[in-house]
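*Asks:* Have a look at this one.
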Amino acid sequence: QVQLVESGGGLVQPGGSLRLSCAASRSIFSFYTMGWYRQAPGKQRELVAGMTSVGSTNYADSVKGRFAISRDITKNTLYLQMNSLKPEDTAVYYCNAIQLPVTNYWGQGTQVTVSS
């Protein structure tokens with residue numbers, strides 16, 4: 001069983017930055033894709049940023065130019081650098097990993113609150 005543990009969330013003022021980390025219990029290179037999702041109160045969970053095993057990335061339109069997904073294979077860790085944060089970025093952020101053929105792993109989530 002794979003474990004994904006997120007960290008780095010917190011309270012930040014609008015315009016501020018945070019970096020989320022997702023530590024995996026095994027090599028992240030073995031996953032087909034990894035990504036960050038978020039879920040705000042009363043809303044559906046949505047994809048924020050994703051990265052394939054070969055390093056291709058994709059972003060939600062709402063975060064393009066502000067967020068950056070990256071990884072450190074030696075540390076089995078996925079990151080999400082979030083800059084120019086807005087109140088509408090407030091949500092619980094989840095790390096996700098997909099292992100072929102169809103196994104989906106989720107972390108427990110980390111709260112990000114953007115407020116003055």
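*Asks:* From the residues in segment 34-82 that are hydrophobic (A, V, I, L, M, F, W, C) and open to solvent by 60 Å² or more (accessible area, probe 1.4 Å), which one is modelled with the highest pLDDT?
*Replies:* Checking each candidate, the answer is Leu47.
*Asks:* Considering only residues of segment 94-116 that are open to solvent by 10 Å² or more (accessible area, probe 1.4 Å) and of a type in the set (Val, Ile, Thr), which is nearest to the chain's Cα centre (by Cα)?
*Replies:* Filtering segment 94-116 for residues that are open to solvent by 10 Å² or more (accessible area, probe 1.4 Å) and of a type in the set (Val, Ile, Thr), the one nearest to the chain's Cα centre (by Cα) comes out as Thr110.
*Asks:* While we're here: Any residue in segment 63-78 that is under 19 Å from Gly109 (Cα atoms) sitting within a Cβ distance under 7 Å of a residue that is of a type outside the set (A, V, I, L, M, F, W, C) and not in a strand (DSSP E or B)? List the pairs, counting only those 6 or more apart or interchain.
*Replies:* Asn76/Arg26; Asn76/Ser27
The values are calculated or read from the model by the stated rules, or taken from the named source; none is laboratory data. Quick caveat, the model's predicted, so the values are computed rather than measured. Neighbour counts are summed over all protein chains in view; Cβ atoms, including those assigned to glycine, are modelled from backbone coordinates with ideal geometry. For accessibility, only protein heavy atoms count, side chains too; no ligands or nucleic acids. Shrake-Rupley method; radii C 1.70, N 1.55, O 1.52, S 1.80 Å.
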